[in-house]
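Okay, structure first, notes after.
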Amino acid sequence: ALDTKVLVIHDSSSSSDHTRAIPMHPRFRLFATQNPNTGFFKGKREKLSTSFLNRFRTLVFTELPAEEWVQILNEKLAPSFGGSVQDLSCRVVNDVHMAIQHLVNSD
């Protein structure tokens, strides 16, 4: 369907129309993700073929520093928390995130 830009659906349960062709919307976008082959995920993902990978644009995101996590959490949680509770909550969420990240990346 991605190559032809048409999705063909065969429906044998339909009495009138056994095949439907649905054209791809001009603004259709597909986003795909894949875990890294390191840390917790090492050896747990399939090798994807070059022809399949060539259909995508690869973007690699590195881990954010702790200060940036705290800044993001402070800005996003600000409406929900007040005063020192906000800072404490952000630090607790950041600590939990870092602990999980450490567990995921440890071999």
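From the protein chains alone at 1.4 Å, what is the descending order of accessible area for Val6, Val60, Val70, largest first?
Working: Val6 50, Val60 125, Val70 20 Å².
Largest accessible area first, the residues go Val60, Val6, Val70.
Ordering Leu7, Leu48, Leu73 by accessible surface, largest first, gives Leu7, Leu48, Leu73; the 1.4 Å probe counts only protein heavy atoms, with every chain in place. The modelled label-to-label distance between Leu59 and Asn35, using points 7 Å beyond Cα along the C-beta direction, is 2.2 nm. Restricting the range 2-58 to trypsin sites (Lys or Arg not before Pro) that sit in a DSSP loop and have at most 12 other Cβ atoms within 10 Å of their own Cβ leaves Lys5, Arg27, Arg29, Lys42, Lys44, Arg45, Lys47, Arg55, Arg57. First select every other residue whose beta carbon is under 13 angstrom from the beta carbon of Leu30; then total the charges, Lys and Arg +1, Asp and Glu -1. So the environment of Leu30 carries a net charge of +4.
Considering Cα pairs under 8 angstrom that are at least six residues apart, work out the relative contact order of the chain and quote it in whole percent. 21 percent.
What stretch of the chain, leaving out the sites themselves, is the longest with no chymotrypsin sites (Phe, Trp or Tyr not before Pro) in a DSSP loop having at most 14 other Cβ atoms within 10 Å? Answer - 62-107.
Counting only GluC sites (Glu not before Pro) that DSSP places in a loop and that have at most 15 other Cβ atoms within 10 Å, the longest clean stretch of the chain runs over 1-45. Rounded to the nearest 20, the size of the Cβ-charge dipole of the chain about its Cα centre is 500 debye, with Lys and Arg at +1 and Asp and Glu at -1.
Taking label positions 7 Å along the Cα-Cβ direction at both Arg20 and His102, the computed distance is 5.2 nm, reported to one decimal.
Working note: 222 nm ellipticity from helices only, DSSP H runs with n ≥ 4, each -39,500 (n - 2.57), summed and divided by the residues of the chain, gives -11500 deg cm²/dmol to the nearest 500. Counting only protein chain heavy atoms and rolling a 1.4 Å probe, the accessible areas of Asp11, Asp3 rank, largest first, as Asp3, Asp11. Model label sites at Ser12 and Arg91, defined 7 Å from Cα along the beta-carbon direction, differ in position by 6.5 nm.
The values are calculated or read from the model by the stated rules, or taken from the named source; none is laboratory data. Nothing here was measured: the structure is a model prediction, and the numbers come from that model. Backbone-built Cβ (ideal geometry, glycine too); neighbour counts: all protein chains shown. Each accessible area value is taken on the protein alone, full model and side chains, heavy atoms only, with ligands, DNA and RNA left out. Shrake-Rupley method; radii C 1.70, N 1.55, O 1.52, S 1.80 Å.
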